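The values are calculated or read from the model by the stated rules, or taken from the named source; none is laboratory data. Since the model is a prediction, treat every value here as computed from it, not as a measurement. Don't worry about glycine lacking a Cβ; one is built from the backbone with ideal geometry, like all the others, and counts go over all protein chains shown. To get the accessible areas, we keep the full protein, side chains included, count just its heavy atoms, and leave off ligands, DNA and RNA. Shrake-Rupley method; radii C 1.70, N 1.55, O 1.52, S 1.80 Å.
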Amino acid sequence: MSLDVKLLQRVKVIDTDNLAQTVLEVLQTENYHRPLFIMDGFLAKVQLVQDTQKLLKDNGIDVAVFDKVVSDPPAQTIRDGVAAFEAAKADSIIAIGGGSSIDVARGVNIVRTNGGDIMDYTDPKKEIKVCKGLIAVPTTSGTGSEMSNALVVTDVKTEKKLAILSDNAVSEYAILNPDLLLSLPTKMTIATGLDAFSHAAEGYTSRLSSPITDAVCEKVMFLLANYLPTAVKDGQNRKARQEVMVAAALAGWMLNNAGTNAGHSMAHILGSKYHIVHGEAVAYALPSVLTAVSDLMPEKVAEIGQILGLNYAEDESMADRATAAVKQYQHFRDDVLGLHPFSDYGISSEQVVSNAKAVANEQFASNMPGEMNEQVAAKLLAGFGKRLD
């Protein structure tokens, strides 16, 4: 009997229309009195965040702030966050932001609970004990970090993004409030939404997938197919923002259960080396991934096409359906949502393909169905950012 199939969910999730009151109630429920806010400098000035901090202070909560988070955070940012946590004598963390802020907060929570240095935990054999006290408040709808068991830290010396995975390091609470997304710029809405779609599509086509995770991944893709275009066109549409936020959270949950595959391997390697926005990188990678798995999972690839609005002819072969599905995703990505072309980055195909060995050895590449080696990775990279004719 195999016990590989699982559906684990340890995070308490709250969808709220009142961020400040909800954060206060969570702290009071868990008897936390000295939270450290972890975020970037911009969010520290956002009125909704300041209102939340004021309500906490008015209710006797001692608030401290670490607002030095940067994109693709290096290990030193986490070390600085640990120092801030210790200086404040904090007992909990409120992470407000996108994946970078929540990743930093998770790293701080791991080190303050387990000791040592954050880079110690890039070794999968290093034990991570249960880390309580992380309250994640996402301000984007894509990374799923509020639900994920992963954090990604950038090794500045090697220019590599390294993943740390542990079910013991997930958030204690995830608080979803769409008001935080209403002013999210269009370009970021596209990138983060496509990141969430890739989480679901890669999990759907991962070795770790199961009928249980497939059902959730299908729903995530459905929600994004139906509500992300509206959120892109009208960022003030609260209903669309809320549905996309829910989809992103569910996609983050699936990261813990179905994982991702070589699409994220390409994004991690290329993103850290060439500074490609992560959500855009996985979106440029997904057609290669779907094409590669279409021989082994044609029904699943075809299903993605249906979720994106395709209707197949009864006599259409499964192979043709899979090819049409990849083209339909590209249409959704580029024409419906308006993702800018990869050529804007000015990176040659030769440069991209030169990273085949690193991609083949990246942590998530082994989740790809079929064989994975440098030759397979090179073929995947050859299609990175290109459209099928």
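Considering every residue within the stretch 351-364, establish whether at least one is out of contact with any strand residue (DSSP E or B) (no Cβ under 6 Å at 6 or more places or on another chain), of a type outside the set (Val, Ile, Thr) and under 16 Å from Thr205 (Cβ atoms).
Within the stretch 351-364 (the criterion being out of contact with any strand residue (DSSP E or B) (no Cβ under 6 Å at 6 or more places or on another chain), of a type outside the set (Val, Ile, Thr) and under 16 Å from Thr205 (Cβ atoms)), the answer is yes, since at least one residue qualifies.
Can you work out which of the residues in the stretch 268-323 that are acidic (Asp, Glu) and part of a helix (DSSP H, G or I) is most open to solvent (accessible area, probe 1.4 Å)?
Taking the stretch 268-323 first, the residues acidic (Asp, Glu) are 280, 295, 299, 303, 314-316, 320.
Restricting the remaining residues to those that are part of a helix (DSSP H, G or I) gives 280, 299, 303, 320.
On the way: Glu280: 2, Glu299: 115, Glu303: 58, Asp320: 87 Å².
Among residues in the stretch 268-323 that are acidic (Asp, Glu) and part of a helix (DSSP H, G or I), the one most open to solvent (accessible area, probe 1.4 Å) is Glu299.
Determine whether the stretch 106-115 contains at least one residue that is open to solvent by less than 60 Å² (accessible area, probe 1.4 Å), more than 21 Å from the chain's Cα centre (by Cα), modelled with pLDDT of 95 or more and closer than 24 Å to Lys157 by Cα.
Step one: list which residues in the stretch 106-115 are open to solvent by less than 60 Å² (accessible area, probe 1.4 Å), which gives 106-111, 113-115.
Among the residues that remain, those that are also more than 21 Å from the chain's Cα centre (by Cα) are: 111, 113-115.
Filter once more, so that each one left must be modelled with pLDDT of 95 or more: 111, 113-115.
Keeping just the survivors that are closer than 24 Å to Lys157 by Cα gives 111, 115.
For the stretch 106-115, residues open to solvent by less than 60 Å² (accessible area, probe 1.4 Å), more than 21 Å from the chain's Cα centre (by Cα), modelled with pLDDT of 95 or more and closer than 24 Å to Lys157 by Cα: present.
When you scan the stretch 38-64, how many residues do you find that are open to solvent by 70 Å² or more (accessible area, probe 1.4 Å) and either within 20 Å of Leu162 (Cβ to Cβ) or touching a strand residue (DSSP E or B) at 6+ places or on another chain (Cβ under 6 Å) (or both)?
So the count comes out to 0.
Given the criteria within 30 Å of Gly235 (Cα to Cα), of a type in the set (Ser, Thr, Tyr) and buried (at least 16 other Cβ atoms within 10 Å of the Cβ), does Thr186 qualify?
Judged against the criteria, Thr186 is not a match.
Would you mind stating whether Gly259 is on the phi > 0 side of the Ramachandran plot and in contact with a helix residue (DSSP H, G or I) (Cβ under 7 Å, 6 or more places away or on another chain)?
So Gly259 fits the description; yes.
Which pairs do you get when a residue that is within 21 Å of Lys54 (Cα to Cα), found in the stretch 11-26, comes within reach of a residue that is open to solvent by 70 Å² or more (accessible area, probe 1.4 Å) and in a strand (DSSP E or B), reach meaning Cβ atoms under 9 angstrom, with the pair 6+ apart or on two chains?
Val26/Lys12
So which residues in the stretch 125-172 are open to solvent by 60 Å² or more (accessible area, probe 1.4 Å), part of a loop (DSSP other than H, G, I, E, B), in contact (Cβ under 8 Å) with a residue 12 or more places away in the chain and out of contact with any strand residue (DSSP E or B) (no Cβ under 7 Å at 6 or more places or on another chain)?
Within the stretch 125-172, Glu127, Lys129, Val130, Lys132, Glu159 meet the criteria.
Please enumerate the residues belonging to the stretch 242-254 that are of a type outside the set (Asp, Glu) and surrounded by fewer than 24 Cβ atoms within 10 Å (Cβ to Cβ).
Gln242, Val246, Leu250
Confirm whether Ser349 is surrounded by fewer than 22 Cβ atoms within 10 Å (Cβ to Cβ) and closer than 24 Å to Asn256 by Cα.
No: the conditions fail for Ser349.
Pairs only if they're at least six apart or on different chains, beta carbon under 6 angstrom, first in the stretch 367-384 and surrounded by 22 or more Cβ atoms within 10 Å (Cβ to Cβ), second β-branched (Val, Ile, Thr); list them, first residue then second.
Once the first residue is surrounded by 22 or more Cβ atoms within 10 Å (Cβ to Cβ) and sits in the stretch 367-384, its partners that are β-branched (Val, Ile, Thr) give Ala377/Val359; Leu381/Val352; Leu381/Val353; Phe384/Val352.
Give the stretch 198-214 a look and list any residue that's under 20 Å from Leu310 (Cβ atoms) and either of a type outside the set (Gly, Ala, Ser) or open to solvent by 20 Å² or more (accessible area, probe 1.4 Å) (or both), or say none.
Glu202, Tyr204, Thr205, Asp214
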